1. For residues that are assigned to a loop (DSSP other than H, G, I, E, B) and either farther than 15 Å from Gly142 by Cβ or without any contact (Cβ under 8 Å) to a residue 12 or more places away in the chain (or both), tally how many sit in region 155-165.
2. Residues of region 120-151 being within 25 Å of Leu106 (Cβ to Cβ) and of a type in the set (A, V, I, L, M), which ones?
3. So which residues in region 131-150 are within 25 Å of Leu98 (Cα to Cα) and in contact with a strand residue (DSSP E or B) (Cβ under 6 Å, 6 or more places away or on another chain)?
4. For region 278-287, name all the residues that are in contact (Cβ under 8 Å) with a residue 60 or more places away in the chain and either surrounded by fewer than 24 Cβ atoms within 10 Å (Cβ to Cβ) or over 9 Å from Ala200 (Cα atoms) (or both).
5. Please work out if Leu293 is within 14 Å of the chain's Cα centre (by Cα), in contact (Cβ under 8 Å) with a residue 40 or more places away in the chain and closer than 25 Å to Ala195 by Cβ.
6. So, Gly121, is that one among the small types (Gly, Ala, Ser), surrounded by 14 or more Cβ atoms within 10 Å (Cβ to Cβ) and farther than 23 Å from Cys307 by Cβ or not?
7. Which residue, of Ile125, Ile135, is within 15 Å of the chain's Cα centre (by Cα) and within 21 Å of Leu73 (Cα to Cα)?
Amino acid sequence: MAIGGNLGSNQAGANGHGAAHPRNRPRIGVALGGGVARGWAHIGVLRALKRYGIEADIVCGASVGALVGGIHLAGKLDALEHWVRNLNRLKIVGYLDLRLRQGGGLIGGDKLVAEMRRHIGDTRIEELPVPYVAITTDLVTGHEVWVQDGDLVEAMRASISLPGVFPPVMIDGRWMIDGALVNPVPVSACRALGAQMVIAVNLAGDILGKARKPGATVPTAAGFDLLKLIDEEMPESRTSSMVGALTRRIFRRDYEGPSLFGVMVSSLGIVTDRITRSRLAGEPPDVHIAPRLGHIGLTEFDRADDCIREGEAAVERALPDLHDALAVFATGPRENAHDPVRR
């Protein structure tokens, strides 16, 4: 049963930007936040929202939120879900095209781009059924940049370019990196594109779950020891040619502390978490969905089942807020459409 009646799909045309809305049905924007591997929770959120009759008229995403949101609008969410649910640590290693002798990032990302192309081809943002924005950051100026047209894969690739991990992406003569550095949960972009009701999906909201995994000896924000994984799961012949002394220094975790790679990823997570709090305080959504993901490491891409389940559960917990927000629009316009239902 839909919340506040079955809102259903916008059923937009090819450009998706001029569809009419039913009476008293708000124009809904969904802001999908960054969170590295925890981003698979967005799949569960989108599934659950659709189950309750809520589909986005506008989708804005930062980092992995841009990735999941873009693939969703391209009609390939099923394919993405199948792929991530079948990821294991050996497959993850297979996607790591290390490039230590080249600048810009430790991992080239070409294999990930090829996987995205395999599913969505050369789809352009203009061809998506509803307005879409991928948040990126200009590496030179630090400005927040909204990519609203052009090649979808290129836009998603730029938005997920974690500094030092993936190389920046050149778009319109500017080097772009991860959008979560400037706008981790892009509520403001949804508002600017005309959303009357904004649903924000914040992957950094689980404070209690972030401390430690049961039995862990070090904080687990970055997830598993990547080099140990390579040693254990790849043949010795491939390991010896693939991993040099510098690679070991970067990826191996000391007995009493995290690896250099773990420090980089966890530090970025801390920064984006603090930015998220500030931005959401100044630009509050109408409904705030916060999956409980603190027990899942930022690089544990093999835990899609857990993430998707937590995403669905977060929507269930947010049902009262969704009911309240939709009820406001059902009774007529609000005095200030940007005031949240609940703070």
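The values are calculated or read from the model by the stated rules, or taken from the named source; none is laboratory data. Model, not experiment: these values are computed from the prediction. Here Cβ is always computed from backbone atoms with ideal geometry, including for glycine, and neighbour counts include all displayed protein chains.
1. 3
2. Ala134, Ile135, Leu139, Val140, Val145, Val147
3. Thr136, Thr137, Asp138, Leu139
4. Arg279, Leu280, Glu283, Pro284
5. So Leu293 passes the test.
6. When the stated conditions are applied, Gly121 does not pass them.
7. Result: Ile135 is the single residue among Ile125, Ile135 that is within 15 Å of the chain's Cα centre (by Cα) and within 21 Å of Leu73 (Cα to Cα).
Here is a yes/no grid of residues against (1) in a helix (DSSP H, G or I); (2) of a type outside the set (Gly, Ala, Ser); (3) crowded, with 16+ Cβ neighbours inside 10 Å:
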site: Leu112; (1), (2), (3): yes, yes, yes
site: Val140; (1), (2), (3): no, yes, no
site: Val145; (1), (2), (3): no, yes, yes
site: Pro167; (1), (2), (3): no, yes, yes
site: Met176; (1), (2), (3): no, yes, yes
